[in-house]
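For reference, the structure I am asking about is given below.
Values quoted throughout were computed directly from the atomic coordinates according to the rules given, and no laboratory measurement underlies them. Note that the structure is predicted; figures quoted are calculated from it, not measured. Quick reminder, even Gly has a Cβ in these numbers, built from the backbone with ideal geometry, and neighbours come from all protein chains shown.
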Amino acid sequence: MKSIKEEINLENKKILLRLDLNVPLLGDKITDTTRIDKILPTLNFLISQNAKIIIISHVGRPKGKVVNDLSLRPICKDLEMKLSQNIKLLSKDIKEIVSNDLFQNDDERIIMLENIRFYPEEEKNNQSFAKKLSTLGDIYVNDAFSCSHRAHASIHEITNFLPSFSGLQLDLEINALKKITSEIKKPITCIIGGSKVSTKINIIKNLIPRFDNIIIVGGMANNIIKYMGNNIGKSLQEENSDLIIKEIFSLSETENCKLIYPQDIVVGKDLNGKPQIKELNDISSDEMILDIGPKTINMISNIIDESNTILWNGPAGYFENPSFANGSIKIAKKIIENNKSNKIFSVAGGGDTVSLLNNLNAINDFNFISTAGGAFLEYLEGKELPGIKALN
Ligand code: ADP
Ligand code: MG
């Protein structure tokens, strides 16, 4: 893997720069700018080298269609302000962009293409789409570590058509994770929560042989609660996951990895509903699980006390509503407490997890913060990520 830092002549080169500017949005307001802030050194480096920059990113899950609410416009505005420089948001269909659309005058130095996931070809890793994209630039740079577990056109296939490099933030994250995983101290506890059940549930199986405890919380735990024979009402859930859960349980026994999942929960009638603590067998059909309960928090605290390393991805509940943020806050506070007394080494990752920790002003109380969630977990699996492999 070659870093863009080592490339000497970038003067007036057109750099196709894949970033992950997928920040949490509330309407057109950015609620957490961590991912934008972390990428500023890369942009400033390219600007200082007098390169021309074409930013590629996605935000949200438009699933291959143009969704006006998922425009990169607010992100473009925020970035313009932070760089004190104009950025042209080019909304034209990528498949119709010609070189005349780009860098029309000399002081136009940064262009941002509209949400790359508006195009169904992106997630299909489509070859001709990647080829078309590649004709817009001279050099490709991947500085989106958090997307590098995806074999998507702007991450993977594009590297077949252009000289390809890693970006500064990607270098930083890979080096930090390499160091952490090679020096890791047992007992190791991994906390997995959040809502991307379909991507994360398959990862758990591969993490079991590597870790001593796996704590499953958030939307991730709902299917387990259901598997145990409970009604989970309207809770977020994944179809057809019984087989994988069965495998997870049997593997945890043979591999001696303790699996911890909620023993009590907090429900609401909807996302804005009133919180109510409940036993697992007491959930009604019109309720949804939105946080972990006090017994579960206690259990998790004890496991954290027995651990030397904590790796965390995914909130324990629907923390955007303060009524359901208690579990996530208590976990964060416990980790911070033990971190301050040097009892543990702690790493957290994931867009929403980092946003939660930012809300608590706790970013500096962890040993390392990764911007990546899914990619972070897949890295811990020991897998070579498709986007990284493509750079090698
Ligand atoms: P990350 O971005 O940290 O990798 P995810 O994107 O997988 O994490 O999940 C974060 C989201 O999961 C948050 O929006 C949070 O509200 C949601 N979430 C967590 N627990 C639940 C739950 N029980 N029901 C619904 N949503 C949940
Ligand atoms: Mg997320």
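Please determine, by comparing only the residues of the range 149-200 that are within 16 Å of ligand 1 (Cβ to nearest atom) and aliphatic (A, V, I, L, M), which one is farthest from PHE366 (Cα to Cα).
Per the stated criteria, the residue is VAL197.
The rows are residues; the columns are (1) closer than 28 Å to ASP305 by Cβ; (2) surrounded by fewer than 20 Cβ atoms within 10 Å (Cβ to Cβ).
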site: THR135; (1), (2): no, yes
site: ASP143; (1), (2): no, no
site: HIS152; (1), (2): no, no
site: ILE192; (1), (2): yes, no
site: LYS200; (1), (2): yes, no
site: ILE204; (1), (2): yes, no
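If you go through the range 28-56 one residue at a time, how many are under 16 Å from ASN115 (Cα atoms) and out of contact with any helix residue (DSSP H, G or I) (no Cβ under 7 Å at 6 or more places or on another chain)?
2
Ok, one more. Hey, can you tell me all the residues within the range 202-242 that are out of contact with any Gly (no Cβ under 8 Å at 6 or more places or on another chain), of a type in the set (D, E, K, R) and more than 13 Å from ligand 1 (Cβ to nearest atom)?
Those that are out of contact with any Gly (no Cβ under 8 Å at 6 or more places or on another chain), of a type in the set (D, E, K, R) and more than 13 Å from ligand 1 (Cβ to nearest atom): LYS205, ASP212, GLU239, ASP242.
Moving on to the next point. From ILE329, ILE369, grab the single residue that is in contact with a helix residue (DSSP H, G or I) (Cβ under 9 Å, 6 or more places away or on another chain), among the aliphatic types (A, V, I, L, M) and part of a helix (DSSP H, G or I).
ILE329
So if I check each of THR199, THR189, THR254, which one is within 24 Å of GLU384 (Cβ to Cβ) and among the hydroxyl-bearing types (Ser, Thr, Tyr)?
Answer to the selection: THR199.
Return a yes/no flag: does the range 242-257 have any residue that is in a strand (DSSP E or B) and charged (D, E, K, R).
Among the residues of the range 242-257, not one is in a strand (DSSP E or B) and charged (D, E, K, R), which makes the answer no.
Applying the selection to the range 214-243, what residues are among the hydrophobic types (A, V, I, L, M, F, W, C), within 16 Å of ligand 2 (Cβ to nearest atom) and under 19 Å from ASP286 (Cβ atoms)?
LEU236
Another question, if that's okay. Any residue at all in the range 309-316 that's farther than 23 Å from GLY373 by Cβ and away from ligand 1 (no atom under 16 Å from the Cβ)?
No, because not a single residue in the range 309-316 is farther than 23 Å from GLY373 by Cβ and away from ligand 1 (no atom under 16 Å from the Cβ).
Here's something else I'd like to know. Could you tell me whether the range 339-349 includes any residue that is touching a Phe, Trp or Tyr at 6+ places or on another chain (Cβ under 9 Å), within 16 Å of ligand 2 (Cβ to nearest atom) and under 27 Å from GLY60 (Cα atoms)?
Yes, some residue in the range 339-349 is touching a Phe, Trp or Tyr at 6+ places or on another chain (Cβ under 9 Å), within 16 Å of ligand 2 (Cβ to nearest atom) and under 27 Å from GLY60 (Cα atoms).
Another question about this same structure. Return the residues of the range 1-43 that are of a type in the set (D, E, K, R) and in contact with a His (Cβ under 8 Å, 6 or more places away or on another chain); say none if nothing qualifies.
Matches in the range 1-43: ASP20 only.
Could you say which residue among ILE87, ILE110, ILE94 is touching a residue at least 60 places away in the same chain (Cβ under 8 Å) and either farther than 18 Å from LYS14 by Cα or among the β-branched types (Val, Ile, Thr) (or both)?
Going through ILE87, ILE110, ILE94 in turn, the sole match is ILE110.
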